[in-house]
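J.: Take this structure first; my questions come after.
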Amino acid sequence: MAAPDLIKSAPEARADATEADAEDLAGLEAGLDALEAYDKEHTSFGRVLVQKVLPPVVAILLVLLAWQVAYWMELKPRYALPSPGEVWDAFMVQWRKGTVIDILWTSLSRGILGFAIAVAIGTPLGLLVARVGWVRAAIGPILSGLQSLPSVAWVPPAVIWFGLNNSAIYAVVLLGAVPSIANGLVSGIDQIPPLYLRAGRVLGARGLNSVWHVMLPASLPGYIAGLKQGWAFSWRSLMAAELIAAGPELGVGLGQLMDQGRDLGDMPMMLTAVVLILIVGIGIDMLVFSPIERMVLRRRGLTGSR
């Protein structure tokens, strides 16, 4: 065989190497996909039950047991520390009256509406702070300060400014939630690799197109974390506002139920309100935010155990 037949030209060699690399990469991706599919196929219901459902159930039972033991030991007078059974009886009294759903909906509707308004305000504010230097220098420290300020501090001024009505409650919710949402988005945008933004500009993504197609998708993990924290702050702010700004025109929410228990010296009623507040807050996080967060992280290959 002649020597020229044994020697390939440089372009042909590079083409062969590229083709081989592509085949290796395709094989690697296929193997990873197969492993992921295998893992999904062999995730049984029993395994999900043991890993996801059983731990929180056991934790709740341990808390109830510790609570009951504290009641038996009379660590506090029984009028100050009722048993779990007495709190359940107080809940059933409210349930038989038919007021539980109305109370929950009053607070939940306020929380959802206040959070939606906070997202509508906090998202563009976060984009502005993240991308405009002088705005960040001017407003960034204020947002951080507002985020660390207890929401209950806003209740008396809000009542004076807006009166004893829903406007005062929503003002407190917004002042508590907007800084967290804005700061979460700023943090997410700060973590975007500069290469993404340059690639977007090369492809023609500028202005609002860059925001919609590059910044928001790339900053989703930080943004969702900010939304979760914003919901926690809005729910906490709402409870503080309802607890203090109570009146006939405001209806009865969970905060007002707790205030009624305080006025009557009814500790089981107060603890019923506390438990319902915890259930709603944890439920919204588990049913709404956590699945969205897991989906985003899983699609980006950032987690394998959630």
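A short reminder: the numbers here are calculations on the coordinates, not readings from a lab. None of the values given here were measured: they were computed from a predicted structure. Every residue, glycine among them, receives a Cβ derived from its backbone with ideal geometry; neighbour counts consider all protein chains shown.
J.: Eigenvalues of the Cα gyration tensor times 5, then square-rooted: what semi-axes does that give for the range 85-152, in whole angstrom, largest first?
T.: So the three semi-axes of the range 85-152 are 42, 14, 7 Å.
J.: Given the alpha-carbon gyration tensor of the range 97-199, what are the semi-axes of its equivalent ellipsoid in whole angstrom, ordered largest first, with each equal to the square root of 5 times an eigenvalue?
T.: For the range 97-199, the ellipsoid semi-axes come out as 32, 17, 10 Å.
J.: Report Rg/Rh for the range 172-306, rounded to two decimals, where Rg is the Cα radius of gyration and Rh the Kirkwood radius.
T.: Ratio of gyration radius to Kirkwood radius: 1.16.
J.: Which order do peptides 134-145, 151-162, 113-124 fall in by mean Cβ count within 10 Å, highest first?
T.: Put in order of decreasing packing, that is 113-124, 151-162, 134-145.
J.: Right, here's the next one. Convex hull volume of the Cα atoms in the range 83-299, per residue, in Å³?
T.: 138 Å³
J.: Could I ask something else about it? Using only the alpha carbons of the range 140-179, what is the convex hull's orientation-averaged projected area in square nanometres?
T.: With every direction weighted equally, the projected area is 2.6 nm².
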